[in-house]
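Colleague: First, the structure itself, so that you have it in front of you.
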Amino acid sequence: MPAANTKTDSSANLGFEAQLWQAADALRNNMDAAEYKHIVLGLIFLKYISDAFEEQHAQLEAERKQGADPEDPDEYRALNIFWVPAEARWSFLRGNAKQPNIGQIVDQAMEAIERDNPSLKSVLPKDYARLGLDKQRLGQLIDLITNIQLGDKVSRSKDILGRAYEYFLAQFASAEGKKGGQFYTPSYVVRLLVEMLSPYKGRVYDPCCGSGGMFVQSAKFIEAHSNGNGNGGRAKSQISVYGQESNYTTWRLAKMNLAIRGIDAHIAHGDSFHNDQHPDLKADYVLANPPFNDSDWRGDLLKEDKRWQYGVPPANSANFAWVQHFIHHLAPGGVAGFVLANGSMSSNTSK
């Protein structure tokens, strides 16, 4: 169920997406999708922020006589552009792509980005020097990505990186099979929920946010309906995003996915049942796709929890617990849209 307006915009980009996927697949060797998706998406993320940085760097270089300093991090942060230190810039990686220690160079680049951008701390992958990763293919992937503009102003306006990320997440989810649902909800399902709830402004919450697709679609919805929606045409300024994800690697994906969109979000890592990181939050909208029929949610430890105002959920399935968690976090007048397994809304089953 493709979006009605994507055919003309994205068809030109499909070729490079497929090329990137082919290159990523060649990199895989004996890695499974859960491992190599971080290798590939981390490089794409780094290329994106470096493109945006280099474009602004060139602009500041041209304005040196007017007092601009292209090496002043504040010149970039003021424009919501990540500061990229010299050892992490794509031009440096490209120049060293054929070196046998390119894996170590990429790891050091990721560490430098995290060091100078606190919002990305502990988010980026730093496993490129691993013995099992083919360094020649890694260099080839860097060469391929070099020829694709991802983060310059024109590319950002077309959301080329965002579409590439969605394409890759969908492909990785397909490659991982059933486990892919832990980090990816099909875009047409997300769009349906978002269109139903129409979250133009307010607090949006997803306690099992995966890679953050619900939030991305919320921002897209407002941008697509910006004329006459009562928020003065502003795309994201009146949304406050809150989320939580229990899987650490998926949490990292969410942080990167939202960072490339410029969405300022409060995404916490942890188990929403046993370590709720937003205990006092009352959201205007809850959008979620929780794990289906989770029998390992340790519900027997939460029998007296204040969230169970409609009855204690069964210990052998978390479905009813999720529903009550959503309700607990709704503000007066708030509304929730979520996905559950077939039959989970019936009381005529053991769960």
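Each reported figure results from applying straightforward, stated rules to the coordinates on display, with no laboratory input. Just so we're clear, the structure is a prediction, and the values are computed from it rather than from any experiment. All Cβ positions, even for glycine, are placed from backbone atoms using ideal geometry, and neighbour counts span all protein chains on display.
Colleague: Per-residue counts of other Cβ atoms within 10 Å, averaged by peptide: what ranking do you get for 248-260, 199-211, 299-311, highest first?
Modeller: Peptide ranking by packing, descending: 199-211, 248-260, 299-311.
Colleague: For a footprinting-style exposure proxy, rank Ile263, Ile102 by other Cβ within 10 Å, fewest first. Please list the in-between numbers first.
Modeller: Working: Ile263 17, Ile102 20.
Fewest-to-most ranking of Ile263, Ile102: Ile263, Ile102.
Colleague: Given the Cα-Cα distance of Ala58 and Lys153 and 0.36 nm per residue of separation, how much length would full extension add, in nm?
Modeller: Taking Ala58 through Lys153 to full extension adds about 32.9 nm, to one decimal.
Colleague: Which ordering of Leu131, Leu60 is given by a fewest-first count of other beta-carbon atoms within 10 Å?
Modeller: By the 10 Å Cβ count, ascending: Leu131, Leu60.
Colleague: Average the reciprocal distances over every distinct pair of alpha-carbons in the range 183-338, invert the result, and give the Kirkwood radius in Å.
Modeller: The Cα-based Kirkwood calculation yields 15.8 Å.
Colleague: Can you give the FRET efficiency to the nearest 0.05 for Glu223 and Asp74, using r as the Cβ-Cβ distance and R₀ = 25 Å?
Modeller: 0.35
Colleague: Right, next: Length gain on complete extension for the stretch Leu301 to His274, per 0.36 nm per residue less the alpha carbon to alpha carbon distance?
Modeller: 8.9 nm
Colleague: If I model a spin label at Asn342 and Asp127 as a point 7 Å from the Cα along the Cα→Cβ vector, what separation in nanometres do I get?
Modeller: Result for the modelled spin labels: 3.5 nm.
Colleague: Tell me, Met110, Met214, Met196 in order of fewest to most beta-carbon neighbours within 10 Å?
Modeller: Met196, Met110, Met214
Colleague: If r is the Cβ-Cβ distance from Ala86 to Glu195 and R0 is 41 Å, what FRET efficiency results, to the nearest 0.05? List each step's numbers first, then the result.
Modeller: Numbers: r = 45 Å, r/R0 = 1.09.
Once the sixth-power term is evaluated, E becomes 0.35.
Colleague: Here's a follow-up. Could you work out the relative contact order of the range 230-325, using alpha carbon pairs under 8 angstrom and six or more residues apart, expressed as a whole percent?
Modeller: Computed over the range 230-325, the figure is 21 percent.
Colleague: Distances over 14 Å make up what percent of all Cα-Cα pairs in the range 276-323?
Modeller: 56 percent
Colleague: Let me ask something additional. From the P(r) of the range 89-148, can you give the percent of Cα pairs sitting at distances over 19 Å?
Modeller: Of the Cα pairs, 29 percent sit more than 19 Å apart.
Colleague: Here's a follow-up. Could you tell me which of the pairs Lys98/Lys126; Lys153/Lys255; Lys220/Lys306 are separated by over 26 angstrom between their Cα atoms in the structure shown?
Modeller: Check vs 26 Å cut-off fails for Lys220/Lys306.
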